[in-house]
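For reference, the structure discussed in these notes is given below.
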Amino acid sequence: MIKRINLITGNDGNAAEFAAMLGIEITAAKRDLPEIQSLDVREVAARKAADALQLLGEPVLVDDTGLAVEEWNAA
């Protein structure tokens, strides 16, 4: 079982939030990673996690959100 994980974020508060939710030690790891442009949030997060894992060589967690508007002013 994983006892410690790196959260890719520049916000230490996010690490504390995730630690409380997951019940494990979370370390905030600020890294500038390339972010692919896609409407599929899963694809963006998966790529970010893979890049962070390769960079750090340790377990990582990423958090990503997206907003897509399918129609605008549709009548």
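Gain in length, I36 to M1, computed as 0.36 nm per residue apart minus the alpha-carbon separation, to one decimal in nm?
Working: separation 35, 0.36 × 35 = 12.60 nm, distance 3.04 nm.
Additional length available on full extension: 9.6 nm.
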The size of the Cβ-based charge dipole (Lys, Arg +1; Asp, Glu -1) of the chain about the Cα centre, to the nearest 20 debye, is 360
Once normalised by the length of region 4-61, the mean sequence separation of its alpha carbon contacts under 8 Å that are 6 or more apart gives a contact order in percent of 40
Note to self, the chain gives a 222 nm [θ] from helices alone (DSSP H runs n ≥ 4, -39500 (n - 2.57) apiece, / all residues, nearest 500) of -11500 deg cm²/dmol
In the chain, the trypsin sites (Lys or Arg not before Pro) that sit in a DSSP loop and have at most 15 other Cβ atoms within 10 Å of their own Cβ are K3, K30, R31
Residues meeting the amide H criterion for L7 (H placed from the backbone, H to H distance under 5 Å, 5 or more places apart or on another chain) are T27, A28, A29, L61
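Hey, got a sec? Which GluC sites (Glu not before Pro) in region 6-75 land in a DSSP loop and have at most 14 other Cβ atoms within 10 Å? Show your work: numbers first, answer last.
Details: sites: E17, E25, E35, E43, E70, E71; in loops: E35, E70, E71.
Answer in residue order: E35, E70, E71.
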Residue-ordered couplings for region 16-30, obtained by feeding phi - 60° into the Karplus form 6.51 cos²θ - 1.76 cosθ + 1.60 and rounding to whole Hz (Gly and Pro as x), are 5, 4, 5, 4, 5, 5, 9, x, 10, 6, 10, 10, 6, 10, 7
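Please report, in whole Å³, the volume per residue of the convex hull around the C-alpha atoms of the chain. Spell out each step's value before the answer.
Working: hull volume 9.3 nm³, N = 75.
In the chain, the Cα convex hull volume per residue is 124 Å³.
Here, each number is a calculation from the coordinates, and none is a lab measurement. All values reported here derive from a predicted model rather than from experimental measurement. All Cβ positions, glycine included, derive from the backbone under ideal geometry; neighbour counts span all protein chains shown.
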